[in-house]
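Here's the structure, in structure tokens; my notes come after.
The values are calculated or read from the model by the stated rules, or taken from the named source; none is laboratory data. What you are looking at is a predicted structure, and each value in this text was computed from that prediction instead of being measured. Don't worry about glycine lacking a Cβ; one is built from the backbone with ideal geometry, like all the others, and counts go over all protein chains shown. Surface areas here come from the heavy atoms of the whole protein model, side chains and all, with no ligands, DNA or RNA. Shrake-Rupley method; radii C 1.70, N 1.55, O 1.52, S 1.80 Å.
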Amino acid sequence: VEQKTKRFSGFLNGDVIFLFVCLAFSAAILIETRQLQEPSAALVPRLFGILAVIFSLLAIFYRALSFLRGYEKKKVTMGISTPRLEGVEVEGAMNLFLAIGLSVLYLILAELIGFVVGTVLIVSAYLWFAQYRRIPAVVLYSVVTSLSLYWLFYSLLKVNLPQGLIHWPWQRWLQ
Amino acid sequence: MTLEGLVITLSWKGLFFLVSGGLIGLIIGILPGLGPVFGVSLMLPFTFWLPPHFVLIFLGSVYSCCVYGGSITACLLGIPGTTGNITTCFDGYPLSRQGKAGVALGLSVTSALIGGIVGVACLATLTPYLAAFALKIGPAEYFMLAMFGLSMVAVTAKGDTLRGLLLGCIGILVSTIGVGVVFGENRATFGSSYLEGGIPFVPASIGLFALSQAFILAEQGGVIASLKKIATKPWKGVWETLRRPAAVLRHSVIGAGIGIIPGVGINVANFIAYLVESRLNKNADPPFGKGQYLGVIAPEAAANACVSGELIPAFAFGIPGGSTAAIFLAALMMHDLRPGMDFFQSGGSSASSLLWGMLFAQFLFFIFGVLGANFFAKVTIVRNSILVPTIVALCYVGAYSNRGMFEDAIVMTIFGLAGYAMYKYDYPIACIVLGMILGPMAETNFHRALIISDGSYSVFVSTFISTALFIIIILMLLYGLLPWERFLKRK
């Protein structure tokens, strides 16, 4: 049983999970387009939805087949391949989760407390966790980054950045 | 190209608008999410009070330098500044990782210069002939052209065709979300009013290419240039480009040709050029995707030639080749200038100033690119732990710059995570973008062609162009899907 569990967890890696996500997305689009009254409007989503379901199932099937036969995943060098990451080191994984977690947090913080403070907090937090412990340098870098981005995009290029629920004094100064 | 335009461009005022436009374009191009459409439309209100010849010099300079500017971050950080530089990342970034950032910048700036010159030459000389040909392309041909682009997926992802086709289909499905352009019905919106507007391309592409890159840099740690030293030799890149004149000219012509077809644009031109070059040199050493020089030269030459190509139908017939060309048309109309053949034949100094201005803009970014290469390349030895939060902040600004909507930032984050998974498991990421770009074009023209032909599918093989494209598509799919190499080896 233990061996089987090990084998199953080896099969169900990120690659297969991604294929299942593709399958679920295509199936969801197909289900949603069932309600359309105009058949022509549903033609393209249905056609490519069915194709995507077939391709996902085939890719999962081939992955399972090669896994059961004990083949290693064939490393294909395509014209458009990207740098391959060789394994995930513990430190690398920690940094990755830190980057993902802070990105999601940033999304929420920027809306709540505004772009400037949100950016200062997130940049400082990332640098702190990435072992930059010189507080003046960390604060200076995060404040300069945040204010320069805000000035360039909001004041100069008129990009509508989130102001947050709190009204900060610099919002008036930088306009 | 009369001498009157040259005199205006080289006057103090002309040079001021040329250089200031170039600098603004370069900065906007470097910033992810802000492309030439944003740059030119942002600058349009500042040109209300200017004479038309200076307006065209200024906007032409912004446009040209913006497209080149996007290649700087594409080469150094693997983050395309504009959608026209997406494929430049595939080989430009590996070169930077090998410590050859200066060479990569030299390659991109020289191929962009030559591509730009070819594009301006096409704009000046071939406008009437090429624009007449572009008018022969109807909805059926457009549909076939889009299918041709998508079938390139099967060829490029040879060896992993199944995943390439899967991502191509997913890209098309993503593009179908929202109100349908032909029938106006809500499709796959899942009850969300935000999704009625569709999945916005700019935040999605920032997520796929920029945010995912931030995650990869965070995981890798250290610095981008793995050797921790940089060969800042842009002149080597310049020389390596000049040693490959056939490739540069080939893709310059491809780019200008694609630019002429309305609605296609630089985002398709750089893909087609990259795919064509990677198939022509499939045994290249180093291979494409691992720092091949031609992988930088081809898309850059095509994208910058496409810049001028897009303006040809706009100025000749008033049909904009893309969104940026449409803003140029708006600028013309604001100054009571009418597009058409008259604009080039008797438009006075305006047409000539535009051509000279765009020509000098190519040399301007070449100077900026070569002189600034040493400075730009230093970014590759900055620690990733400093780059990551800065890139993440820039990604969010880029996502907001599109429409200022919180939901766009959510879309960017979701696509960032998906992009990371695709990088991690070696999926041909370009295929999903190709699907998203060509999906709406394919669908709209598919329905238009059927409406014109009263529902008869024979319209797709009714002309020489569409029939030829149809045959090429079938051959490409057969090539991609069938194991020819194994069959030939057995023989």
Rounded, prolate or oblate: which fits region B:424-475, taking a ≥ b ≥ c as square roots of the Cα gyration tensor eigenvalues, rounded meaning a/c under 1.5, else prolate when a/b beats b/c?
-> oblate
Largest-first principal axis extents of the Cα set of chain B (Å) | 64, 64, 54
Nearest-0.05 FRET efficiency for B:ILE410 and B:PHE183, computed from C-beta distance (R0 30 Å) | 0.60
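Rounded to the nearest 500 deg cm²/dmol, what is the calculated helix-only ellipticity per residue at 222 nm for chain B, with -39500 (n - 2.57) per DSSP H run of length n ≥ 4?
Details: 23 runs with 351 residues, N = 491.
Mean residue ellipticity at 222 nm (helix-derived): -23500 deg cm²/dmol.
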Selection from B:SER20, B:PHE365, B:GLY197 lying farthest towards where the dipole of chain B points positive, charges on Cβ = B:PHE365
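Relative contact order (percent) for chain B, with alpha-carbon contacts under 8 angstrom and 6 or more residues of separation? All intermediate terms of the calculation are to be shown ahead of the outcome.
On the way: 1009 pairs, mean separation 143.3, N = 491.
Here the relative contact order equals 29 percent.
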Long-range amide H partners of B:VAL223, meaning residues 5 or more apart or on another chain whose placed amide H is closer than 5 Å, are B:ASN384
Only Lys, Arg (+1) and Asp, Glu (-1) charged, at Cβ; chain B dipole about Cα centre in debye = 1620 debye
Check: C-alpha center region B:39-71 vs C-alpha center region A:123-153, spacing in Å is 33 Å
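Let me know the Kirkwood hydrodynamic radius for region B:1-95, please, with Cα pairs as the basis and the value in Å to one decimal. Don't skip to the answer; put the middle values down first.
Working: mean 1/r = 0.0730 Å⁻¹.
After inverting the pairwise mean of 1/r, the radius is 13.7 Å.
Could you work out the percent of alpha carbon pairs in region B:370-465 separated by over 21 Å, rounded to a whole number?
Numbers: 2869 of 4560 pairs.
Of all Cα-Cα distances in region B:370-465, 63 percent exceed 21 Å.
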Inter-label distance for B:ILE452 and A:ARG134, nm, one decimal - labels placed 7 Å from Cα along Cα-to-Cβ | 6.6 nm
Solvent exposure, largest accessible area first (probe 1.4 Å, DNA, RNA and ligands not counted), of B:TRP239, B:TRP49, B:TRP12 = B:TRP12, B:TRP49, B:TRP239
Full-extension gain in nm, B:PHE46 to B:ALA284, via 0.36 nm per residue minus C-alpha separation = 80.9 nm
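Ranking request for peptides B:277-283, A:129-135: highest mean number of other beta-carbon atoms within 10 Å first, then the rest in descending order. The partial results should precede the final answer.
Working: B:277-283: 16.7, A:129-135: 12.7.
Packing order, densest peptide first, comes out as B:277-283, A:129-135.
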